[in-house]
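Data block below; observations after.
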Amino acid sequence: MRIINRRPASRVANFSIALLPFVVLIVLYAVFSDIRLTANPDDKLLPGVSSFVDAVQRMAFTPSKRTGEFLLWVDTLASLQRLAIGMSISALLGLWLGVLNGLIPWVAAGGSPFVRVLSMIPPMAVLPILFITFGLGELSKYVLIVFGTAPFIARDIEQRVRELPPEQLIKAQTLDANTWQIIVRVVLPQVLPRLVDAVRLSLGAAWLFLIAAEAIASTEGLGYRIFLVRRYLAMDVILPYVMWITLLAFAVDYLFRRMTSWLFPWYGTSK
Amino acid sequence: MSRIDIHNLWKSYDSNVVLENLNLSIDHGDFVSIVGASGCGKTTFLRMILGEEQPSRGSIDIDGEALQPEPSSARGIVFQRYSVFPHLTVLGNVLLALEMSHAKYLCRSFGARRKEQVKRSQQMLERVGLTDAKDQYPSALSGGMQQRLALCQALIAAPKILLLDEPFGALDPGIRKDMQSLVRQLHRELGLTVIMITHDLAEGFQLGTRLLVFDKTRVDPQAPNLYGANITYDLRLNSLSTESTTQIDSQETQCSHDANTQALMV
């Protein structure tokens, strides 16, 4: 049988194979950590499991000596809030820019090339400008996330609007719909699931911008904490934080996926 | 019901002439079938009547008034595909047509008006035989049912002219026959003016009260796009009164098979 025609027979096999790379990674880590720790019990680079447990205990379940806060939760809340506010603005802005650029030729003539150029600017390059203009507070972090993701979302939505069959727009016009009605009843409902997709796909980038902004100027947040403890080579804190961020990103992604099939039952079956 | 007058109509894209000096009058309540080879301007012609495309020269008048340069509720359309909205249920699709004509800003109707509109939509759905499917999304419907829905949606907006662009082209022969009798029945009952493009010559003969054949009258082999198409045959099928149509119905199966073969050879 050809290789392309062979596949894991059962769900159990599938699941085990999915777990395999993770298991390999953990085993490799354990082996090298052990080698380093036997050579030097104070090694900070690859700490053992007990150090992780201690660190998580300290960060998540013990009040900080200095502020009395549970740092992991404070950081998580701060980061998620920034992400949520930034992405909400981004989604709204991207949706409207995209719909208008995709549907209305006069808007597209001016807006479409502008958004395209805007999306080419590397957001990290304008971060200093944002800090100078908007200060080191929350606003510059939102603006960085919006700047980094809204043009992408707008372009994606614009493309989706253009892909609507022209027959549908003609049909709506023969039903006496005006432009506003076409936007509200024909275009928006059909691009909303695409918007959820676009937001989901740009979340990865949003995390990047968030952590970068937090690393440079912040007093709490997941990114801030990682870069703060880096000075002490505190791998026992950094690694659990990275895993926690990954888990959060995975959970948000999963939620968005479920949301699509739940809110838009017609979507994905029409092809 | 409406009268269409077309004078000296030309349509060209750059140097490519599609239609050439077309003159035509379509009477109230006519059912005009248009046949012709691919690329001879049938669809372009339909699009111009729809208002999606503008004539290069000449005029199209409806009831003596110049045609609006964009699609409107005066002309309903059923395309071969993509005529219904995938994000709305069957009932939602029909209801949309009614909501669009009233709720210009809110885009939805509420309360008593909505109730009345739902009732009207259901009556129309019953007429095309879709009552049982009213809560389904179009993706769950067969091709024939989708076209029924498209027809229902177009008709509830009460157009004066109904345009059909190969509406049954993608359907199985059996379903196609059902749809044909539905269209014929609706045309008779509502007294619409219908213009239908078809690839199927037999269908054109069976359904129409008038059959137009589009073809190029002159061809320059060195420049095939130099001359446009015109109407080469204009057959009045008025002899097909209600009674004789019923007679033809009974022979239809056999007939359409032969004519299909012919149409293929053409």
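The values are calculated or read from the model by the stated rules, or taken from the named source; none is laboratory data. Given the structure is predicted, the values throughout are model-derived calculations rather than measurements. Glycine gets a Cβ as well: all are built from the backbone with ideal geometry, and neighbour counts include every protein chain shown. Just so you know, the surface numbers come from the protein's heavy atoms only, side chains and all, with ligands and any DNA or RNA stripped out. Shrake-Rupley method; radii C 1.70, N 1.55, O 1.52, S 1.80 Å.
Per residue, how much accessible area does segment A:3-46 have with a 1.4 Å probe, in Å²?
92 Å²
Any chance you could check the Cα centroid distance between segment B:44-63 and segment B:67-115 for me, in angstrom?
Value for the Cα centre distance between the two parts: 23 Å.
Where in segment B:127-155 is the amide nitrogen less than 11 Å from a point lying 7 Å along the Cα-to-Cβ axis of residue B:172?
Within reach of a label on residue B:172, which here means backbone N under 11 Å from a point 7 Å along Cα→Cβ, segment B:127-155 contributes B:142-144.
Please identify every one of the trypsin sites (Lys or Arg not before Pro) in segment B:1-100 that sits in a loop by DSSP and has no more than 12 other beta carbons within 10 Å of its own beta carbon.
Hits after loop and neighbour filter: nothing returned.
Sum up the charges of everything whose Cβ sits under 14 Å from the Cβ of residue A:13, counting Lys and Arg as +1 and Asp and Glu as -1, but leave residue A:13 out.
+3
Taking every residue in B:147-158, how many Cβ atoms of other protein chains lie within 10 Å of its Cβ, on average?
1
By DSSP, what percent of the beta bridges with both residues in the protein assembly as shown are antiparallel, rounded to the nearest 5?
50 percent
For chain B, what is the relative contact order in percent, using Cα pairs closer than 8 Å and at least 6 residues apart in sequence?
Taking the mean separation of contacting Cα pairs over the length of chain B, I get 27 percent.
Can you list the residues, at least 5 places off or on another chain, whose amide H is less than 5 Å from the amide H of residue B:196, using H built in the peptide plane?
B:32, B:33, B:34, B:164
What's the longest uninterrupted piece of chain B once you rule out the chymotrypsin sites (Phe, Trp or Tyr not before Pro) that are loop residues per DSSP with at most 15 other Cβ within 10 Å?
With a cap of 15 other Cβ atoms within 10 Å, the longest stretch comes to B:111-226.
Pairs of alpha-carbon atoms within less than 8 angstrom and 6+ residues apart define the contacts here; what relative contact order does chain A have, in percent?
22 percent
Give me the net charge for the shell around residue B:93: Cβ to Cβ below 12 angstrom, other residues only, Lys and Arg +1, Asp and Glu -1.
So the environment of residue B:93 carries a net charge of +2.
Give the distance, in whole Å, between the Cα centre of segment B:154-218 and the Cα centre of segment B:1-41.
For segment B:154-218 versus segment B:1-41, the Cα centre distance is 16 Å.
Name the trypsin sites (Lys or Arg not before Pro) in segment A:60-89 that are in a loop by DSSP and that have at most 10 other C-beta atoms within 10 Å, would you?
Here the sparse-neighbourhood loop sites are A:65, A:66.
Estimate the FRET efficiency between residue A:30 and residue B:15 by the formula 1/(1 + (r/R0)^6), using the beta-carbon distance for r and 51 Å for R0, to the nearest 0.05.
Computed FRET efficiency for residue A:30 and residue B:15: 0.10.
Quick one: grab the alpha carbon gyration tensor of chain A, order the square roots of its eigenvalues as a ≥ b ≥ c, and give me rounded if a/c is under 1.5, else prolate or oblate depending on whether a/b is larger than b/c.
Oblate, since a/c reaches 1.5 and b/c is not below a/b.
Using the Cα centre of chain A as origin and beta-carbon charges of +1 (Lys, Arg) and -1 (Asp, Glu), tell me which of A:140, A:33, A:199 is placed farthest towards the positive end of the dipole.
A:199
Lys and Arg at +1, Asp and Glu at -1: add these up for the other residues within a Cβ distance under 10 Å of residue B:28 and post the number.
-1
Hey, what angle do you get for helix A:105-120 against the long axis of chain A, alpha-carbon based, 0 to 90 degrees rounded to 10?
20 degrees
By the gyration tensor of its Cα atoms, with a ≥ b ≥ c the square roots of the eigenvalues, what is the shape of segment A:3-46: rounded for a/c under 1.5, prolate for a/b over b/c, or oblate?
Prolate, since a/c reaches 1.5 and a/b exceeds b/c.
Between residue A:134 and residue A:96, take the C-beta separation as r, use R0 = 30 Å, and let me know the FRET efficiency to the nearest 0.05.
0.85
How big is the dipole moment of chain A about its Cα centre under a simple scheme where the beta carbon of each Lys and Arg is +1, that of each Asp and Glu is -1, and everything else is neutral? Debye, nearest 20, please.
640 debye
With a 1.4 Å probe, what is the total accessible area buried between chains B and A, in Å² rounded to the nearest 100?
Buried: approximately 2600 Å² between A and B.
Antiparallel as a % of all DSSP beta bridges within chain B, to the nearest 5?
Roughly 50 percent of the beta bridges in chain B run antiparallel, per DSSP.
According to the Kirkwood expression over distinct Cα-Cα pairs, how big is the hydrodynamic radius of the protein assembly as shown, in Å?
It is 28.4 Å.
How far is the Cα center of segment A:143-206 from the Cα center of segment A:49-86, in Å?
Centre-to-centre distance over Cα atoms comes out at 38 Å.
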